[in-house]
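Everything below concerns the one structure shown next.
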Amino acid sequence: MNLKLVMHATPVTAVPAKSRSACADRASAPSRCAMLQVSCRGGAASCSSPSTTGSLHKRFELGRMGGQRLEQRLAVRRGQHVVTTRALFANPGSPTAKATVPQPPYNVVITGSTKGIGRALAEEFLRSGDRVVICSRSEERVMAAVAELAAQYGEDKVKGVAVDVALPGQARVLADFAASQLGRVDMWINNAGTNGYRYGPMADSTDEELQQIVGTNVLGVMLCCKEAIRVMKAQGSHGHIFNMDGAGADGNATPRFAAYGATKRSLAQLGKSLSAELGILGIRNVAIHNLSPGMVTTELLMTGANTPTAKFFINCLAEPATDVAAYLVPLIRAVPNSSVNPLTGSLSATYIRFLTQSKALQQIAARVLTGARKSRYVPEDA
């Protein structure tokens, strides 16, 4: 794949209408904003485009807002495009400006990690030699998971605590436990999420079901981010927080699990806002990232495999949690070193995706044309 990067300054009035809205929305922005044009030439896999030939042109704006300089860059990893956004602040006197970059083995906290993708991530980190703190609302499940993992990887490698991250004070319990057991927290993955294990019209949901979904998926993430930032700010090294998105994060409709989709849509905005706040506060040793695992064959997903459409997409696009974790963890572990700006010490926020648009389109096309993956997990003719 050939990449051509062209930097040039363009008056806002000269930007085409479709590209002008982002600049026009910034009332406090200057009258000029620099434009970065990225031209990617290659096939669908290399350009994340459904087109198999031609060029993909993307424009990213660089500007100044509120005393900060926003920069976006294109990173290519394993044939996919990962767009990272870096907020740079001229604050060399910040107490966190000289924070050290953590080196492996890493200390990792994963919420909702006694089963599903959370458990698979924990095992993959442990397999890589890292130390992990797991948690769940069920003390019984936490104890069982810790015993199983400790038997395989060592008692000093895995610790666990029972908390409900949606409840006030519980995220603080988790953060303090992790700090006491690990000494420092290099990575915190907000994986805990739920749709109430129920698929159907939101109008038929109970108030309690909706409260649980929003409480876990949004408030729980907020509380955990708050406490993770507190712990990481106080330590002498960089800390990275990863928020796990899901169906609906891209803004597309999620019928039968509307509340879940709405909560996942909020996480990208939360991450951007927290990144901006960290910059304003001069906290340069903490970064907020997003993880997108795609469709994972967990109990949460398979509960909804009861309609022809759901069966089609689950069979076509879903992957086992172990496969997803094996793909994501090496990319996550690369972030501490790859996200540091060597000139300023600032950290970049990364969005790591397992199921890219091009990959999904390729698998759907293969299914339609050849029948690949039909009834892979659930029978479609039943």
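The values are calculated or read from the model by the stated rules, or taken from the named source; none is laboratory data. None of the values given here were measured: they were computed from a predicted structure. As a convention, Cβ positions derive from the backbone with ideal geometry for all residues, glycine included, and neighbour counts pool all protein chains shown.
Kindly evaluate ALA382 against the criterion of being out of contact with any His (no Cβ under 8 Å at 6 or more places or on another chain), outside the structural domain of HIS240 (by TED's automatic domain parsing) and modelled with pLDDT under 95.
Answer is yes for this residue.
When the range 218-269 is examined, which residues are found to be surrounded by fewer than 18 Cβ atoms within 10 Å (Cβ to Cβ) and in a strand (DSSP E or B)?
Result: SER237, single match.
Of all residues in the range 158-189 being part of a loop (DSSP other than H, G, I, E, B) and among the hydrophobic types (A, V, I, L, M, F, W, C), which is surrounded by the fewest Cβ atoms within 10 Å (Cβ to Cβ)?
Residue satisfying both the conditions and the ranking: LEU167.
Matching residues to (1) in contact with a strand residue (DSSP E or B) (Cβ under 8 Å, 6 or more places away or on another chain); (2) of a type in the set (D, E, K, R); (3) touching a residue at least 40 places away in the same chain (Cβ under 8 Å):
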{"site": "GLN170", "(1), (2), (3)": "no, no, yes"}
{"site": "VAL173", "(1), (2), (3)": "yes, no, no"}
{"site": "GLY183", "(1), (2), (3)": "yes, no, yes"}
{"site": "TRP188", "(1), (2), (3)": "yes, no, yes"}
{"site": "THR194", "(1), (2), (3)": "no, no, yes"}
{"site": "TYR199", "(1), (2), (3)": "no, no, yes"}
{"site": "ILE213", "(1), (2), (3)": "no, no, yes"}
{"site": "VAL218", "(1), (2), (3)": "no, no, yes"}
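Quick one: is ARG367 touching a residue at least 40 places away in the same chain (Cβ under 8 Å), under 29 Å from THR114 (Cα atoms) and touching a Cys at 6+ places or on another chain (Cβ under 8 Å)?
Against the criterion (touching a residue at least 40 places away in the same chain (Cβ under 8 Å), under 29 Å from THR114 (Cα atoms) and touching a Cys at 6+ places or on another chain (Cβ under 8 Å)), ARG367 does not qualify.
In this structure, does ALA162 turn out to be touching a strand residue (DSSP E or B) at 6+ places or on another chain (Cβ under 7 Å) and modelled with pLDDT of 95 or more?
Yes, satisfied.
Filter the helices (runs of 4 or more DSSP H) completely within the range 270-352 down to those with at least 3 residues that are buried (at least 17 other Cβ atoms within 10 Å of the Cβ) and in contact with a Phe, Trp or Tyr (Cβ under 7 Å, 6 or more places away or on another chain).
Those helices (runs of 4 or more DSSP H) span 321-338.
Quick check on this structure: which one of ARG284, ARG333 is in the same structural domain as ASN191 (by TED's automatic domain parsing) and modelled with pLDDT under 95?
After ruling out the rest, the residue left standing is ARG284.
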